[in-house]
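J.: Quick one: the structure is below, questions incoming.
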């Protein structure tokens with residue numbers, strides 16, 4: 001197990017190299033010159049002289065290979081450079097925004113898990129009952145409503161009309177409820193369906209019928225045989241969404257003026273702020289890799305056959 | 001009073017067609033009656049589609065017959081209240097043909113065997129483990145196998161685990177539904193010996209459902225022949241069976257291969 005985890009963590013290094021190379025290449029292929037973008041963003045009329053000066057300052061006048069090697073070297077020392085636009089260290093800006101994003105991510109995941117596990121499970125074991133129909137409608141709605149509209153609906157009802165939660169900003173748990181809910185609804189829709197489908201599939205397994213035949217109580221059958229196994233596709237989905245949530249909450253952040261790093265990164269993309277983009281891509285890669293690792297370990301714990309296969313390959 | 005009494009059981013499967021008037025009723029069991037005494041083994045012999053498995057399901061309480069009664073220890077299993085049924089299920093255990101699909105692939109042998117104990121008896125963890133180990137040893141496996149998962153066992157070993165699980169509650173009757181049909185000859189005779197030993201030790205009764213004439217005779221006290229859902233005849237001994245002139249029995253006898261190839265004939 002230990003060697004397996006170590007291997008997975010070491011595999012991050014080549015992935016990071018590839019990711020930096022790809023982003024670096026793509027930024028250089030784009031027709032926009034970061035120096036020019038900087039000048040435009042600072043409302044300075046770009047002249048040839050100023051452009052040359054800025055290029056030199058950013059190190060853009062050097063050969064591409066030198067630029068790339070310099071980037072790698074400084075990143076390996078955990079130095080993501082300074083933003084071209086604000087001239088502040090990138091990592092400082094990102095890490096100051098990180099707690100807000102993490103809060104939002106885990107808030108919405110928590111809501112999604114707490115709602116969809118009982119709902120999906122009940123919908124599965126009581127197929128075509130009222131609760132199954134309810135879950136179907138909820139999933140349909142959740143999957144179809146765009147989050148920017150849903151966010152404003154929530155604000156209108158819960159903040160403006162009912163005055164239950166604050167309209168925007170960050171602070172108490174009350175601030176967290178509406179944005180998390182907005183992010184959670186599509187997840188609830190997805191997980192409820194996933195769980196329902198796999199519960200139904202598991203109920204078809206012969207050993208479930210046989211367990212009933214042997215007189216095992218329904219409660220034990222549901223808990224030990226059905227739910228524990230049915231939950232595994234949902235965990236996979238969770239892992240994939242963790243990365244998405246961490247890196248893609250921009251719309252909800254905008255609606256609720258949530259000070260996470262989504263907006264910071266989007267602005268960086270508009271401004272061709274290369275160091276910030278570089279940092280964003282690496283961060284996203286790291287989040288995806290780690291959440292996948294955690295999910296794989298969880299899956300191994302739930303299904304011992306997976307870890308067997310893993311060991312055989314080593 | 002017999003341990004198990006099957007009274008005039010009728011069952012047919014409705015195969016639904018697209019047009020309702022074309023619906024067909026396929027008779028799976030017609031008017032079947034027999035009984036199993038305590039400590040005895042009744043074999044049910046039949047070709048594929050003769051209704052053996054349906055009868056097994058009916059007796060196990062998972063397929064309510066359209067007509068007829070199953071009395072187990074004097075209780076009608078389909079009309080008993082929940083508590084009685086739970087009690088009856090304890091004494092009526094089962095071992096199926098496919099050992100792999102009968103167990104949860106994500107449980108260790110220990111958890112598989114201890115599941116009925118957890119369900120019916122309040123034992124401490126230590127007591128339960130001791131019971132499981134003694135059960136494993138009884139079916140010729142060992143303590144080493146406690147932590148193994150189903151995919152790490154061979155078919156014969158896993159079938160022994162299923163047997164250990166079935167005997168863990170010291171039931172009165174075990175339904176063996178083609179339990180030895182999917183293992184090789186050597187394993188089959190080992191498992192049959194094991195089953196005979198268990199029958200002696202615990203005073204078990206078996207309902208041995210099979211298509212294998214030799215296996216049926218090696219363990220059963222009485223043998224019933226099923227054909228097209230009908231119980232043709234019950235035979236109390238091998239001689240009775242082999243001297244029978246019933247066409248179905250004749251056909252079955254012809255299908256047995258002689259021990260030595262010299263006595264086998266293809267055209268006769």
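The values are calculated or read from the model by the stated rules, or taken from the named source; none is laboratory data. This one's a predicted model, so the numbers in the text were calculated from it and none came from an experiment. Don't worry about glycine lacking a Cβ; one is built from the backbone with ideal geometry, like all the others, and counts go over all protein chains shown.
J.: Could you go through region B:106-117 and let me know if any residue there is in a loop (DSSP other than H, G, I, E, B), buried (at least 23 other Cβ atoms within 10 Å of the Cβ) and either in contact with a strand residue (DSSP E or B) (Cβ under 7 Å, 6 or more places away or on another chain) or within 14 Å of chain A (Cβ to nearest Cβ) (or both).
T.: Checked against the condition, which is being in a loop (DSSP other than H, G, I, E, B), buried (at least 23 other Cβ atoms within 10 Å of the Cβ) and either in contact with a strand residue (DSSP E or B) (Cβ under 7 Å, 6 or more places away or on another chain) or within 14 Å of chain A (Cβ to nearest Cβ) (or both), region B:106-117 yields no hits at all.
J.: Oh, and also: Can you pull out every residue in region B:161-179 that is away from chain A (no Cβ under 12 Å) and without any contact (Cβ under 8 Å) to a residue 60 or more places away in the chain?
T.: Answer for region B:161-179, where residues must be away from chain A (no Cβ under 12 Å) and without any contact (Cβ under 8 Å) to a residue 60 or more places away in the chain: B:164, B:170.
J.: Scan the helices (runs of 4 or more DSSP H) fully inside region A:195-314 and keep the ones with 2 or more residues being touching a residue at least 24 places away in the same chain (Cβ under 8 Å) and closer than 30 Å to residue A:5 by Cβ.
T.: Values: elements: A:206-213, A:232-247, A:250-255, A:262-270, A:274-302, A:304-313.
Hits in region A:195-314: A:232-247, A:274-302, A:304-313.
J.: Does region B:219-240 contain any residue that is buried (at least 16 other Cβ atoms within 10 Å of the Cβ), within 15 Å of the chain's Cα centre (by Cα), modelled with pLDDT of 85 or more and part of a helix (DSSP H, G or I)?
T.: Scanning region B:219-240 turns up at least one residue that is buried (at least 16 other Cβ atoms within 10 Å of the Cβ), within 15 Å of the chain's Cα centre (by Cα), modelled with pLDDT of 85 or more and part of a helix (DSSP H, G or I).
J.: Hey, another quick one. Could you please let me know if residue A:239 is over 30 Å from residue B:102 (Cβ atoms) and touching a helix residue (DSSP H, G or I) at 6+ places or on another chain (Cβ under 8 Å)?
T.: Details: over 30 Å from residue B:102 (Cβ atoms): yes; touching a helix residue (DSSP H, G or I) at 6+ places or on another chain (Cβ under 8 Å): yes.
Considered against the rule, which asks whether it is over 30 Å from residue B:102 (Cβ atoms) and touching a helix residue (DSSP H, G or I) at 6+ places or on another chain (Cβ under 8 Å), residue A:239 comes out as yes.
J.: Test of understanding: among B:60, B:92, which residue is within 14 Å of another protein chain (Cβ to nearest Cβ), crowded, with 19+ Cβ neighbours inside 10 Å, under 25 Å from residue B:1 (Cα atoms) and in contact with a helix residue (DSSP H, G or I) (Cβ under 6 Å, 6 or more places away or on another chain)?
T.: B:60
J.: Suppose we keep only residues that are within 31 Å of the chain's Cα centre (by Cα) and buried (at least 16 other Cβ atoms within 10 Å of the Cβ) within region A:198-221. Which one would you say is nearest to residue B:94 (Cα to Cα)? I'd like the intermediate steps shown before the answer.
T.: Our first condition is that a residue be within 31 Å of the chain's Cα centre (by Cα); within region A:198-221, this holds for A:198-202.
Next cut, buried (at least 16 other Cβ atoms within 10 Å of the Cβ) only: A:198-199, A:202.
Details: A:198: 27, A:199: 25, A:202: 21 Å.
Among residues in region A:198-221 that are within 31 Å of the chain's Cα centre (by Cα) and buried (at least 16 other Cβ atoms within 10 Å of the Cβ), the one nearest to residue B:94 (Cα to Cα) is A:202.
J.: For region A:92-138, name all the residues that are over 23 Å from residue A:231 (Cα atoms) and crowded, with 18+ Cβ neighbours inside 10 Å. Show your work before the answer.
T.: Initial filter on region A:92-138 (over 23 Å from residue A:231 (Cα atoms)): A:92-104.
Once the filter is applied, which keeps residues that are over 23 Å from residue A:231 (Cα atoms) and crowded, with 18+ Cβ neighbours inside 10 Å, region A:92-138 yields A:93, A:94, A:97, A:100, A:101, A:103, A:104.
J.: Taking region B:118-130 only, how many residues are surrounded by fewer than 17 Cβ atoms within 10 Å (Cβ to Cβ), more than 10 Å from chain A (Cβ to nearest Cβ) and assigned to a helix (DSSP H, G or I)? Even if it seems obvious, please write down each step before you answer.
T.: Taking region B:118-130 first, the residues surrounded by fewer than 17 Cβ atoms within 10 Å (Cβ to Cβ) are B:118, B:121-127, B:129-130.
Going one step further and asking which of them are more than 10 Å from chain A (Cβ to nearest Cβ), we end up with B:121-127, B:129-130.
When the remaining residues are screened for being assigned to a helix (DSSP H, G or I), the result is B:125-127, B:129-130.
Result for region B:118-130: 5.
J.: Tally time: how many residues in region A:139-166 are crowded, with 16+ Cβ neighbours inside 10 Å and without any contact (Cβ under 8 Å) to a residue 40 or more places away in the chain? Lay out the reasoning, then the answer.
T.: Here is the first cut: in region A:139-166, the ones crowded, with 16+ Cβ neighbours inside 10 Å are A:139, A:142, A:145, A:147, A:150-151, A:154-155, A:158-159, A:165-166.
In the following step, the residues that additionally are without any contact (Cβ under 8 Å) to a residue 40 or more places away in the chain were identified as A:150, A:154, A:158-159, A:165-166.
Selection size over region A:139-166: 6.
J.: List the number of the failed condition for residue B:68; all other conditions in (1) over 18 Å from the mean Cα position of the chain (by Cα); (2) outside any loop (DSSP other than H, G, I, E, B); (3) within 23 Å of residue B:1 (Cβ to Cβ); (4) without any contact (Cβ under 8 Å) to a residue 40 or more places away in the chain hold.
T.: (4) is the only condition that residue B:68 fails.
J.: Restricting to region B:137-160, give me the number of residues that are within 20 Å of the chain's Cα centre (by Cα) and either assigned to a helix (DSSP H, G or I) or within 14 Å of another protein chain (Cβ to nearest Cβ) (or both).
T.: 7
J.: Checking the conditions here, which among A:291, A:307, A:232 is modelled with pLDDT under 80, in contact with a helix residue (DSSP H, G or I) (Cβ under 8 Å, 6 or more places away or on another chain) and either within 14 Å of chain B (Cβ to nearest Cβ) or under 21 Å from residue A:103 (Cα atoms) (or both)? Walk me through how you get there before you give the answer.
T.: Numbers: A:291 fails: modelled with pLDDT under 80; A:232 fails: modelled with pLDDT under 80.
Among A:291, A:307, A:232, only A:307 is modelled with pLDDT under 80, in contact with a helix residue (DSSP H, G or I) (Cβ under 8 Å, 6 or more places away or on another chain) and either within 14 Å of chain B (Cβ to nearest Cβ) or under 21 Å from residue A:103 (Cα atoms) (or both).
J.: I'd like the full set of residues that are in a strand (DSSP E or B) and under 17 Å from the mean Cα position of the chain (by Cα), limited to region B:1-28. Let's see the steps before the verdict.
T.: Of all residues in region B:1-28, those in a strand (DSSP E or B) come to B:4-15, B:24-28.
Within region B:1-28, B:4, B:5, B:6 qualify.
J.: Taking the residues in region B:71-89 that are closer than 15 Å to residue B:3 by Cα and without any contact (Cβ under 8 Å) to a residue 12 or more places away in the chain as candidates, determine which candidate is nearest to the other protein chains (Cβ to nearest Cβ).
T.: Within region B:71-89, the match that is nearest to the other protein chains (Cβ to nearest Cβ) is B:87.
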